[in-house]
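Since the structure comes first, as structure tokens, the remarks are kept for the end.
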Amino acid sequence: MNEQRRLLLAGAAALLPTAGAQAASQGGSAATPRRIPPGNPGEFDFLNGEWRITHRRLTAPDTWDTFEGEATCFGILGGVASVEELRIPARNFSGMGLRILDVEARVWSDFWVNAKSGVLTTPGTTGGFIDGAGLFMSDDMDGDTPIIVRGLWDRITPISCRWSQAVSRDGGASWQDNWLMEWTRAPAG
């Protein structure tokens with residue numbers, strides 16, 4: 001494991017709840033306080049532009065579905081929001097990611113809209129950037145089991161980046177990746 005990833009995962013451990021995830025009394029996701037690094041406008045500017053994306057999604061234990069996609073991203077409101085239009089032409093799929101910074105609380109929230117439903121989700125994850133990588137987490141439920149979902153933006157360069165999603169079923173002691181997206185900037189023109 002490279003040093004940057006090790007430091008980032010150590011930072012993720014610091015964001016985990018001290019008492020572990022607890023189910024909300026109404027059966028929804030657990031509301032667990034986390035120490036989130038303060039967010040700043042423009043932190044998602046690295047996404048601005050056109051992208052080609054290789055997706056790897058875990059569909060069953062040790063079974064990955066690989067497919068190609070593309071995205072157009074742009075910042076608005078002086079970097080307080082980032083909009084992503086994701087397209088997967090071979091699957092006739094599109095959706096929109098919307099990342100918004102609560103300027104007063106200095107916390108980023110990540111929302112999603114599937115084009116088939118047109119419904120804006122509650123924030124899937126909240127978080128911020130640590131050492132040049134974005135770490136976003138939320139408590140959720142998988143049936144009766146409390147889980148923690150982690151989204152991670154890392155390997156950020158001018159021409160590439162990676163987004164990965166992982167789930168922990170043991171309060172953050174271990175993680176299982178279930179979606180990986182390798183982003184490569186599309187050639188100009």
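Values computed for the structure shown
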read-out: Per-q log10 I(q)/I(0), region 72-132, q = 0.17 Å⁻¹ (Debye; single scatterer per alpha-carbon; no solvent); value: -0.63
read-out: Ranking by accessible area, most exposed first, for Ile88, Ile159 with a 1.4 Å probe; value: Ile159, Ile88
read-out: Accessible-area composition of region 45-189, carbon plus sulfur, in percent [1.4 Å probe]; value: 55 percent
read-out: Three semi-axes of the equivalent ellipsoid, region 137-181, Cα gyration tensor, whole Å, largest first; value: 25, 9, 8
read-out: Translational D in µm²/s for region 105-189 (Stokes-Einstein at 10 °C, 1.306 mPa s, Kirkwood Rh from C-alpha pairs); value: 110 µm²/s
read-out: Accessible-area value, Glu85, 1.4 Å probe, nucleic acids and ligands omitted, Å²; value: 90 Å²
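The values are calculated or read from the model by the stated rules, or taken from the named source; none is laboratory data. None of these values were measured; they are calculated from a predicted model. What goes into the accessible areas is simple: the full protein's heavy atoms, side chains included, and nothing from ligands, DNA or RNA. Shrake-Rupley method; radii C 1.70, N 1.55, O 1.52, S 1.80 Å.
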